[in-house]
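Notes follow once the structure below has been shown.
The values are calculated or read from the model by the stated rules, or taken from the named source; none is laboratory data. These numbers were taken from a predicted model, which means no experiment stands behind them. With ideal geometry, Cβ positions are generated from the backbone for all residues, glycine too; neighbour counts draw on all protein chains shown.
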Amino acid sequence: MAEQTRQTIVWPLIFSYRGNVFGHRYIAAVSSVSRVLGIREDDGIWLSGVQPGGIAAGGSDVWEACAAYRKAFVGVLADIASSVGDFREFQAEAARLLAERDDAAFDDWTVAVEGIRTSRLDWRQMQQLPVKPAAMTPSLAVTLKSELTAADNLIDDAPELATAA
């Protein structure tokens with residue numbers, strides 16, 4: 001059973017993202033892996049950032065919540081890109097974003113990982129996700145793209161969410 005916290009079920013997740021962010025006269029390729037809490041409540045599913053913290057989105061099911069979280073995550077990156085002057089500033093601010101950890105959410109995430117390891121899984125939607133090691137280190141790589149090619153049209157078909165165990 002996933003960890004019970006304040007009458008909600010909390011699930012430890014790993015969120016992956018890969019895409020391009022357009023800034024002032026530059027294009028940045030961004031690839032990240034981060035920790036997220038999946039929270040099932042009466043009104044649906046909420047995804048809340050652990051590291052980076054401060055990003056949250058919800059939906060009626062885990063797939064809708066993931067799409068909303070991805071949109072919120074990309075929105076934060078776009079906001080950073082629009083508020084800085086050049087690529088190096090974007091790179092520094094994106095690194096600062098990743099360093100923002102919600103310590104209370106991290107504690108909940110860690111407890112939920114232990115719950116996954118010791119109990120039978122009971123949240124059906126989350127059972128459909130791949131499982132990745134919880135020992136992962138959140139990362140965010142930002143590289144300057146010198147030009148766009150047809151390969152940049154490819155959609156990343158890797159799962160954006162995985163259960164941490």
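Residues satisfying the criterion are present in the stretch 42-53 (criterion: surrounded by 14 or more Cβ atoms within 10 Å (Cβ to Cβ) and at positive phi). Applying a threshold of 8 Å to beta carbon distances and a minimum spacing of six or more residues, or different chains, the list of pairs starting in the stretch 140-154 at a residue that is over 13 Å from residue 29 (Cα atoms) and ending at one that is basic (Lys, Arg) and surrounded by fewer than 10 Cβ atoms within 10 Å (Cβ to Cβ) is empty.
Scanning the stretch 49-70 for any residue that is in a strand (DSSP E or B), within 11 Å of the chain's Cα centre (by Cα) and touching a residue at least 60 places away in the same chain (Cβ under 8 Å) turns up at least one such residue. Only one of 137, 118, 143, 110 is at pLDDT below 90 and of a type in the set (Ser, Thr, Tyr); which? Just one listed residue meets the conditions, 118. Residues in the stretch 93-118 that are among the small types (Gly, Ala, Ser), surrounded by fewer than 14 Cβ atoms within 10 Å (Cβ to Cβ) and closer than 26 Å to residue 81 by Cα: 95, 99. Checked against (1) farther than 15 Å from residue 18 by Cα; (2) at pLDDT below 90; (3) of a type in the set (Gly, Ala, Ser), residue 158 meets all criteria but (1). Taking the listed residues 113, 142, the one that is among the hydrophobic types (A, V, I, L, M, F, W, C) and part of a helix (DSSP H, G or I) is 113, with no other qualifying. For the stretch 77-92, how many residues meet the condition of being part of a helix (DSSP H, G or I), in contact (Cβ under 8 Å) with a residue 24 or more places away in the chain and surrounded by fewer than 16 Cβ atoms within 10 Å (Cβ to Cβ)? The qualifying residues number 2.
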